[in-house]
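Colleague: Input: one structure, supplied below.
The values are calculated or read from the model by the stated rules, or taken from the named source; none is laboratory data. On a predicted model such as this, the values are computed, not experimentally measured, just so you know. Cβ: placed from backbone, ideal geometry, glycine included. Neighbour counts: every protein chain shown. Surface accessibility is based on the protein's heavy atoms, side chains included, excluding ligands, DNA and RNA. Shrake-Rupley method; radii C 1.70, N 1.55, O 1.52, S 1.80 Å.
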Amino acid sequence: MSNLFSLEGKVALVTGATHGLGMAMAKALAKNGATLVVNGHTAEKMAVALQEYENDGIQAKGYLFDVTNASQVAENIEKITTEIGPIDILVNNAGMIMRVPALEMDPEDFRKVIDVDLVSPFILSQAVAKGMVERGGGKIINICSMMSELGRDTVSAYAAAKGGLKMLTKNLATEWAKYNIQVNGIGPGYFATEQTKPIRVDGHPMNNFILERTPAGRWGEPEDLAGATVFLASKASNFVNGQIIYVDGGILATIGRPRD
């Protein structure tokens, strides 16, 4: 059974993996045997991230490029293939969010969020899938969101992008399944990260909301994403295609959690 989940001999590229949930998923892949390649966009963050990986016993390779720039993506996919090896696993994790009321959002900012959160996964997937087709298979994991299913104040662009990413996942799965390429997604819930640390305190309205809204009664830990990530990257998911696994503590399964 353990062989089903082994990633030995596989090369995995995780975008936006210099911190947070991207780093947690990247570590899970590496610890299950994958050769890890991480993408970022600033040298400073990359240097810190590579040291963090090394401290955890992982020899990650870092590549700096803009995931929204098709020529940079193509150039770096070619470099990775030459220097490390063909990419077997792609995790489209790089993303951004702007919290602005829809009536006040500048259309250019809306386009920017769509470009990073929706267009870039298409660019990366297309570039990597060409090699996967030639080799007879591969795994693509798109990092979606609960906003792929739900709306929320001030995140119209993010929700539009993540809803689109869910459907892009399904469509690419439909087109590429015949090449033995599995395209699936992961939709994280609310997680305990450095970004959410300021609101994860007793009495904070958002902290109370999350704890009351989540059937599991807690924030997710980054390590909670490891299982779904390894599953979708491994042979264990060879007949799973076009699915979004929501790792959310049950939020999307209920209309709310009663107060104690």
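Colleague: Considering only residues that are assigned to a helix (DSSP H, G or I) and among the hydrophobic types (A, V, I, L, M, F, W, C), look in the stretch 62-73 and name the one that is farthest from residue 114 (Cα to Cα).
Modeller: Restricting to residues being assigned to a helix (DSSP H, G or I) and among the hydrophobic types (A, V, I, L, M, F, W, C), the top hit is 73.
Colleague: Also, quick follow-up: Could you figure out which of (1) open to solvent by less than 60 Å² (accessible area, probe 1.4 Å); (2) closer than 20 Å to residue 129 by Cβ isn't true of residue 46?
Modeller: It fails just one condition, (2).
Colleague: Enumerate the pairs (first residue in the stretch 22-36 and more than 16 Å from residue 55 (Cα to Cα); second residue anywhere and among the hydroxyl-bearing types (Ser, Thr, Tyr) and open to solvent by 20 Å² or more (accessible area, probe 1.4 Å)) with beta-carbon separation below 8 Å, excluding pairs fewer than 6 apart on the same chain, so at least 6 apart or on different chains.
Modeller: Listed pairs, sorted by first residue: 32/6; 33/6.
Colleague: Is there any pair with a first residue in the stretch 60-86 that is touching a residue at least 60 places away in the same chain (Cβ under 8 Å) and a second that is of a type in the set (D, E, K, R) and open to solvent by 60 Å² or more (accessible area, probe 1.4 Å) whose Cβ atoms are under 7 Å apart and which are 6 or more apart or on different chains, and what are they?
Modeller: Every condition considered, the pairs that remain are 84/61; 86/135.
Colleague: Moving to a separate point now. Does residue 213 fit the bill of being surrounded by 15 or more Cβ atoms within 10 Å (Cβ to Cβ), in contact (Cβ under 8 Å) with a residue 12 or more places away in the chain and more than 25 Å from residue 243 (Cβ to Cβ)?
Modeller: no
Colleague: Let me ask something additional. Going through the stretch 1-52 one residue at a time, which ones are in a loop (DSSP other than H, G, I, E, B), among the polar types (S, T, N, Q) and touching a strand residue (DSSP E or B) at 6+ places or on another chain (Cβ under 9 Å)?
Modeller: 15, 18, 42
Colleague: Would you be able to say whether some residue in the stretch 53-61 is loosely packed, with under 15 Cβ neighbours inside 10 Å, acidic (Asp, Glu) and part of a helix (DSSP H, G or I)?
Modeller: Yes, because at least one residue in the stretch 53-61 is loosely packed, with under 15 Cβ neighbours inside 10 Å, acidic (Asp, Glu) and part of a helix (DSSP H, G or I).
Colleague: Within the stretch 173-207, track down each residue that is hydrophobic (A, V, I, L, M, F, W, C) and open to solvent by 30 Å² or more (accessible area, probe 1.4 Å).
Modeller: So in the stretch 173-207, the residues hydrophobic (A, V, I, L, M, F, W, C) come out as 173, 176-177, 181, 183, 186, 191-192, 199, 201, 206.
Those that are hydrophobic (A, V, I, L, M, F, W, C) and open to solvent by 30 Å² or more (accessible area, probe 1.4 Å): 176, 177, 199, 201, 206.
Colleague: Just the residues that are surrounded by 20 or more Cβ atoms within 10 Å (Cβ to Cβ) and over 20 Å from residue 127 (Cβ atoms), please, taken from the stretch 1-17.
Modeller: Within the stretch 1-17, just 7 meets the criteria.
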